[in-house]
Each structure stands twice: as structure tokens, then as C-alpha cells.
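This report refers to the structure that appears directly beneath it.
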Amino acid sequence: MQIGFSAPTAGPLASADNLTRIATGAEELGYDYATFSDHVVIPTDIKARYPYSDTGEFSSAGNGERNEQLIELAFVAARTSTLRLVTSVMVVPHRPAVLAAKQLATIDVLSGGRVTLGIGAGWMKEEFEALGLPDFAQRGKVTDEYIAAFRALWTKEHPSFAGDYVKFDNVTFAPKPVQKGGIPVWVGGESGPALRRTAKLGDAWYPIGSNPAFPLDSLARFRAAVERLRQLTSEAGRDPRSVGLVFRFPKYGSTLPDKAGDGERRLFSGTADKIAKDVKDLAALGVSAVDLSFGGNTAAEMLTEMKKFKSEVMAKI
């Protein structure tokens with residue numbers, strides 16, 4: 001089981017010194033990967049509903065200072081040697097397809113093949129409008145096209161693509177990503193469209209357990225969603241075993257209620273022993289990686305929390 005953590009992309013902890021200290025410290029502690037969120041601008045008047053809070057409100061904490069995702073990815077790549085780098089998630093329509101494919105391939109090459117592309121279609125309409133992106137209502141189709149275009153560029157000697165939102169031909173795309181078959185794609189999201197996108201295009205499904213509309217807060221709920229994914233993957237003409245499982249838990253421990261919404265035990269709640277058992281139960285279902293967000297107002301405090309999780313939970317896995 002791989003264990004990852006959320007790297008700060010906003011606020012004081014995302015400064016060069018703090019980010020370097022956190023990333024290198026996590027690597028020394030044995031964490032497998034860091035995740036990086038994606039916002040280019042934060043509109044001051046957001047009417048779109050944020051999917052991962054009960055109120056639908058998006059936290060404004062740290063939004064005055066926010067790094068661009070892929071540039072921060074490259075920065076951390078240059079300061080680490082084994083830590084994998086996961087976009088969590090990259091809002092695929094945020095960047096032109098060919099440019100994004102090139103940026104990701106370059107980071108993969110320069111990092112020695114350490115990039116994983118976590119993807120989403122996006123939720124903040126106001127940010128789409130500020131960036132001058134394709135129609136927000138078409139973001140699912142745009143995302144699917146862009147991913148297909150990425151793969152053509154990453155794997156074909158003479159790539160070409162002719163879609164509604166991406167068109168290219170007679171181009172050379174080199175160097176290719178270091179990783180055979182291109183950069184792995186983890187599909188984020190918990191909704192029906194996200195599951196279908198995973199079944200069609202994903203190397204792994206990468207949900208968050210805290211979406212109130214599609215709760216995955218118990219083992220039973222997650223197992224049912226995995227069964228649905230396997231069915232959709234088979235219907236898409238792919239081997240269900242070819243799609244991996246990854247899980248993100250923003251919170252963990254005694255601050256969470258003991259019971260999930262279905263009355264079962266809430267995953268990642270309670271003591272270290274219980275959390276370790278949750279990880280083992282998820283591994284038995286085929287989950288290969290989980291990642292969490294660690295608290296702290298300073299790099300030292302965040303690393304202390306990570307060290308505690310390593311000694312109390314990771315040591316039992």
C-alpha cells in the first residue's frame with residue numbers, strides 16, 4: 001500500500017522554503033507520493049457549489065497566494081528523488097491539450113518518470129469563465145477528448161487527433177514520457193459520469209471519501225461503488241482488473257464521527273489501530289494507494305503530524 005500526502009499549493013506553507021522542507025521531509029519519512037491541487041485564479045464571487053463540503057462553500061483560506069499546479073510539481077521534482085508527484089486533481093480543461101501534454105511529459109522526463117496525472121472535469125464555473133475556457137457545460141466531453149489527445153501524443157510516433165475541441169496533425173512530440181505507455185491517469189470524482197470516465201479512460205479510480213452527494217465514507221459504500229465501476233469497465237470492453245483503485249481521505253482520526261451515513265463504521269475515524277485496519281481492508285478490495293491531508297500551521301508542525309501517522313498507523317500496515 002502506498003501512502004501519500006497533500007502538498008500545500010496555497011498560503012505561507014507553499015513558499016519555496018516551506019514546500020522544500022515538507023517534500024524532502026516526507027520523502028525521508030518514507031511517504032510514497034505528494035498530491036497537488038489545481039486552481040489558476042479564485043473568483044471573488046463564487047456561486048458554483050463545491051462538491052466536498054456539506055454547505056457547498058469553498059474555503060477561502062490561503063487563496064490570496066496560490067501556486068500554479070504544474071510549475072509547483074516541477075519545483076518539487078527538482079528537490080526530491082523518489083517522491084512521486086500526483087496532480088490531485090488537474091482540472092483538464094484549464095490548459096490547452098497539446099501544451100498540457102508537453103508540460104506533463106517534460107516533468108516526467110526530468111523527474112525520471114515520477115508523474116501521475118490525477119484528473120477532473122472541474123466544478124467552478126466562474127474560474128472557467130475567467131480563464132476563457134470552452135463552455136463549462138461541455139467540460140466532460142472536453143476532458144475526455146483532452147485525455148485521448150494526451151495519450152496519442154505520449155505514445156504514437158506520428159500523433160494526430162481530430163476532435164471537436166482538439167485537432168493536430170503533422171507534428172513531432174518528443175521526448176515522450178519516461179513511463180511506458182505514457183503517464184498513468186487516475187480519474188477523480190464519485191459521480192456516475194466520473195465512474196464512466198474511469199471505466200473508459202482511466203488507469204485507476206481516484207475518489208474522495210467526503211463527497212456528501214456520493215458518500216464513500218464506509219467500507220460497504222465503497223465496495224458497492226467498486227462493484228459498479230467493475231460492471232461499467234466490463235461494459236466498456238475493458239478488463240475490470242486493469243483499472244486500479246486509489247482513495248483520498250482529507251480527514252482522519254478522532255475528529256471524525258464514528259458512524260458513516262449508512263450506520264456502518266466511518267472509514268479512517270477513531271484510533272490508529274482502527275485506521276490501520278481500514279487500510280488493510282481497503283487493500284483487500286484492491287486499493288493500492290491512499291492519501292491524506294495533514295494539519296499544521298508551519299512546516300515543522302505538518303511534518304510532526306506526518307511522523308506521528310507513520311509511527312502509529314503506517315508501522316502497523
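The values are calculated or read from the model by the stated rules, or taken from the named source; none is laboratory data. Bear in mind that the values here come from a model prediction, so they are computed numbers and not experimental data. Note: ideal-geometry Cβ built from the backbone for every residue, glycine included; neighbour counts use all protein chains shown. Each accessible area value is taken on the protein alone, full model and side chains, heavy atoms only, with ligands, DNA and RNA left out. Shrake-Rupley method; radii C 1.70, N 1.55, O 1.52, S 1.80 Å.
Hey, among the residues in the range 114-131 that are of a type in the set (A, V, I, L, M) and in a loop (DSSP other than H, G, I, E, B), which one's most open to solvent (accessible area, probe 1.4 Å)?
The residue in question is ALA121.
Condition check ((1) under 23 Å from the mean Cα position of the chain (by Cα); (2) outside any loop (DSSP other than H, G, I, E, B); (3) closer than 19 Å to TYR33 by Cα) across all residues:
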residue	(1), (2), (3)
ASP273	no, yes, no
ASP278	yes, yes, no
LEU282	yes, yes, yes
SER288	yes, yes, yes
GLY295	yes, no, yes
MET302	yes, yes, yes
PHE309	yes, yes, yes
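Which of the residues belonging to the range 11-58 are modelled with pLDDT of 95 or more, surrounded by 18 or more Cβ atoms within 10 Å (Cβ to Cβ) and of a type in the set (A, V, I, L, M, F, W, C)?
The answer is LEU13, ALA14, LEU19, ILE22, ALA23, ALA26, ALA34, PHE36.
Can you give me the number of residues within the range 264-276 that are more than 20 Å from TYR206 (Cα to Cα) and open to solvent by 40 Å² or more (accessible area, probe 1.4 Å)?
Count: 5.
Which one of GLY192, GLY244 is free of Cβ contacts under 8 Å to residues at least 24 places away in the same chain and either closer than 17 Å to VAL290 by Cβ or surrounded by fewer than 21 Cβ atoms within 10 Å (Cβ to Cβ) (or both)? First the steps, then the outcome.
Values: GLY244 fails: free of Cβ contacts under 8 Å to residues at least 24 places away in the same chain.
Being free of Cβ contacts under 8 Å to residues at least 24 places away in the same chain and either closer than 17 Å to VAL290 by Cβ or surrounded by fewer than 21 Cβ atoms within 10 Å (Cβ to Cβ) (or both) holds for just one of GLY192, GLY244, which is GLY192.
Could you tell me which residue of the range 132-142 is farthest from ALA194 (Cα to Cα), considering only residues that are part of a helix (DSSP H, G or I), touching a residue at least 40 places away in the same chain (Cβ under 8 Å) and open to solvent by less than 60 Å² (accessible area, probe 1.4 Å)?
Filtering first and then ranking leaves VAL142.
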